[in-house]
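K.L.:
Sharing a structure here in structure tokens format.
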Amino acid sequence: MTNLAITIIIFTLLVTQKILLLNEESLILLCFIIFVKLSTDMLGDSIKKSSKVQSNEIKINLIESLKKLLAVIQSFTLLSSNSRRFLKKIIFIKSYYRTIISSLSSYIPIYNKFHLTAFYTKKLAFLDKTEEQTIKLLTTVIIRQLNLIIKTKYFYTNYIKFNQLLSTTNISVRERIQLIKSKKI
């Protein structure tokens, strides 16, 4: 600070004695130089501290990133060696499965034939049982319907004396007689 005061006193003496002639540009330059000098004197320590803090942070970040990079490179080398072993194991498994598939492929047609015959045998047996049950059901339904028709015809002919039924009965009897006669001839 004392240096600055001495400099200002000498400068004012030189200007007042007209040894130094000042114009507008030189005054602006002089003010700027004084401003820079004062700001560096007053703020120099804080700028140095902040720049040291920033450089330490950059150093720490750089060290951490280098450590991470080293870890990634190590994991990559480990992974590449593991992938080689994995590839060898896959090639071994491939040859193993080829031998198994080639040995089993000869048994597949036999198995399919046996499996299909057993499957179709069961299906055909089921269809046979279904057909038998359907035939039984249809015959039972037809017999019941015929019994119902016979009973209603008997009821109408014997108890109600319905003329049309009597005439159809006579016609059917005549037709039967004619059939019997024609067979004899």
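The values are calculated or read from the model by the stated rules, or taken from the named source; none is laboratory data. Keep in mind the model is a prediction, meaning the values are calculated, not measured. Cβ placement follows ideal geometry from the backbone for every residue including glycine, while neighbour counts extend to all protein chains displayed.
K.L.:
I'd like to know if the range 46-64 contains one or more residues that are exposed (fewer than 10 other Cβ atoms within 10 Å of the Cβ), part of a helix (DSSP H, G or I) and either modelled with pLDDT under 80 or over 60 Å from the mean Cα position of the chain (by Cα) (or both).
P.N.:
no
K.L.:
Going by the conditions given, is LYS129 at pLDDT below 85, among the basic types (Lys, Arg) and over 30 Å from ILE8 (Cβ atoms)?
P.N.:
So LYS129 does not fit the description; no.
K.L.:
Would you say ASN147 is over 35 Å from the mean Cα position of the chain (by Cα) and not in a loop (DSSP other than H, G, I, E, B)?
P.N.:
Criteria met by ASN147.
K.L.:
Looking at the range 1-26, I want the residues that are on the phi > 0 side of the Ramachandran plot and have a partner that is modelled with pLDDT under 75 and of a type in the set (D, E, K, R) with Cβ atoms under 8 Å, at least 6 apart or on another chain. Which pairs are those?
P.N.:
none
K.L.:
In the range 102-137, what count of residues is obtained for those that are surrounded by fewer than 10 Cβ atoms within 10 Å (Cβ to Cβ), of a type in the set (Ser, Thr, Tyr) and in a helix (DSSP H, G or I)?
P.N.:
Result for the range 102-137: 3.
K.L.:
May I pose another question? Being modelled with pLDDT of 85 or more, surrounded by 10 or more Cβ atoms within 10 Å (Cβ to Cβ) and part of a helix (DSSP H, G or I) is the requirement here; does LYS37 meet it?
P.N.:
No; evaluated as a whole, the condition is false for this residue.
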